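Structure, as structure tokens:
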Amino acid sequence: TCALPISVIRLWRQARLDHRLPSHEALSEAAGRCGYGKLHLDPAAGTVLLDNPGMQLDLGAIAKGYAADAALSVLAQSGIRSALVAASGDLAIGDPPPGERGWKIGIDPRGSDGDVERILELHSVAVSTSGDAEQYLEIGGKRYSHIVDPATNMGLTRPIAVTVVARKGMDADSLATAVSVLGADRGLAVIRKHPDAAALIVTGEGAQMRAVESSGWAQLSHEAPLP
């Protein structure tokens, strides 16, 4: 689950519609109802207890990846194992197409006209990209991403786009969002703790744009499947 209540996310969604930043007071009030410490799971009973009234769960950082995984599983149960499920930026990839080594996937996280484009050939993995290329609010020349930093309750303002390849869509989805918030250096440290994951992180814009790859990404860039 996300550490932010859905009310914070809704404030930013409404802000994009109104083209106006949410107030610090509204963000602070909404954030006061959140926190994983206020969420209590009882695995034996199969229940969830939320401490505060109005507190809700936001699954935005894992839902599409989970849905893509589930769709691919349904196809496999029906005997369709050579398949690719696309869920708006999240891909769950099954066996290769007939006669191919894998599915060819073009990666260009920030829409940079090919400056950091990668062509991967993948199977039996999932891919997720997070960034502000499509969902953002621009006020006074500053771009606020739809990805919210739980430390500040503000949309990210530094340019960053993250693509993660992992075994499962839910893992790729959550890692891509987390690395976006953490930034390149701390994000790579997180990726290193997940040996089945690889990441391409693109930061900056224009002449300041740079691409950073995790150690596992080099194998993918040579069009080899994830080991």
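The values are calculated or read from the model by the stated rules, or taken from the named source; none is laboratory data. None of these values were measured; they are calculated from a predicted model. Quick reminder, even Gly has a Cβ in these numbers, built from the backbone with ideal geometry, and neighbours come from all protein chains shown. Just the protein is used for accessible areas: all its heavy atoms, side chains included, with ligands, DNA and RNA removed. Shrake-Rupley method; radii C 1.70, N 1.55, O 1.52, S 1.80 Å.
State which residue is farthest from residue 170 (Cα to Cα) when the search covers only the stretch 1-27 and only residues that are of a type in the set (Lys, Arg) and either modelled with pLDDT under 85 or within 23 Å of the chain's Cα centre (by Cα) (or both).
Narrowing the stretch 1-27 to residues of a type in the set (Lys, Arg): 10, 13, 16, 20.
Subsequent filtering for residues that are either modelled with pLDDT under 85 or within 23 Å of the chain's Cα centre (by Cα) (or both) retains 10, 13, 16.
On the way: 10: 22, 13: 23, 16: 26 Å.
It comes out as 16.
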Residues within the stretch 106-157 that are among the charged types (D, E, K, R), open to solvent by 50 Å² or more (accessible area, probe 1.4 Å) and modelled with pLDDT of 90 or more, tallied: 3
Of everything in the stretch 170-200 that's in contact with a Lys or Arg (Cβ under 9 Å, 6 or more places away or on another chain) and open to solvent by less than 40 Å² (accessible area, probe 1.4 Å), which residue is nearest to residue 119 (Cα to Cα)? 200
Qualifying position, being free of Cβ contacts under 8 Å to residues at least 12 places away in the same chain and either under 25 Å from the mean Cα position of the chain (by Cα) or closer than 28 Å to residue 164 by Cα (or both), among 70, 44, 30: 70
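Just to be sure before I move on: is residue 165 outside any helix (DSSP H, G or I), crowded, with 19+ Cβ neighbours inside 10 Å and touching a residue at least 24 places away in the same chain (Cβ under 8 Å) in the structure I sent? Show your work before the answer.
Values: outside any helix (DSSP H, G or I): yes; crowded, with 19+ Cβ neighbours inside 10 Å: yes; touching a residue at least 24 places away in the same chain (Cβ under 8 Å): yes.
Considered against the rule, which asks whether it is outside any helix (DSSP H, G or I), crowded, with 19+ Cβ neighbours inside 10 Å and touching a residue at least 24 places away in the same chain (Cβ under 8 Å), residue 165 comes out as yes.
How about the stretch 14-27: which of its residues are under 14 Å from residue 154 (Cα atoms) and touching a residue at least 40 places away in the same chain (Cβ under 8 Å)?
First, pick out the residues of the stretch 14-27 that are under 14 Å from residue 154 (Cα atoms): 14-16, 20-27.
Selection gives 15, 16, 20, 21, 27.
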Within the set of pairs 6+ apart or on separate chains, which have a first residue in the stretch 191-217 that is free of Cβ contacts under 8 Å to residues at least 40 places away in the same chain and charged (D, E, K, R), a second that is in a loop (DSSP other than H, G, I, E, B) and surrounded by fewer than 14 Cβ atoms within 10 Å (Cβ to Cβ), and C-beta atoms under 8 Å apart? 192/215
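Let's see how each residue does on (1) of a type outside the set (Asp, Glu); (2) closer than 18 Å to residue 173 by Cβ; (3) at pLDDT 90 or above:
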{"position": "29", "(1), (2), (3)": "no, no, no"}
{"position": "57", "(1), (2), (3)": "yes, yes, no"}
{"position": "60", "(1), (2), (3)": "yes, yes, no"}
{"position": "73", "(1), (2), (3)": "yes, yes, yes"}
{"position": "77", "(1), (2), (3)": "yes, no, yes"}
{"position": "86", "(1), (2), (3)": "yes, yes, yes"}
{"position": "97", "(1), (2), (3)": "yes, no, yes"}
{"position": "102", "(1), (2), (3)": "yes, no, yes"}
Can you tell me which of (1) touching a Pro at 6+ places or on another chain (Cβ under 6 Å); (2) closer than 23 Å to residue 85 by Cα; (3) surrounded by fewer than 24 Cβ atoms within 10 Å (Cβ to Cβ) is the one residue 204 doesn't meet? (2)
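Among the residues of the stretch 175-185, which ones are out of contact with any strand residue (DSSP E or B) (no Cβ under 8 Å at 6 or more places or on another chain) and farther than 15 Å from residue 202 by Cβ?
178
If you scan the stretch 47-83, which residues turn out to be part of a helix (DSSP H, G or I) and either open to solvent by 80 Å² or more (accessible area, probe 1.4 Å) or among the hydrophobic types (A, V, I, L, M, F, W, C) (or both)? If you could, list the steps in order and put the result at the bottom.
Of all residues in the stretch 47-83, those part of a helix (DSSP H, G or I) come to 63-77.
Of everything in the stretch 47-83, those that are part of a helix (DSSP H, G or I) and either open to solvent by 80 Å² or more (accessible area, probe 1.4 Å) or among the hydrophobic types (A, V, I, L, M, F, W, C) (or both) turn out to be 63, 66, 67, 68, 70, 71, 72, 74, 75, 76, 77.
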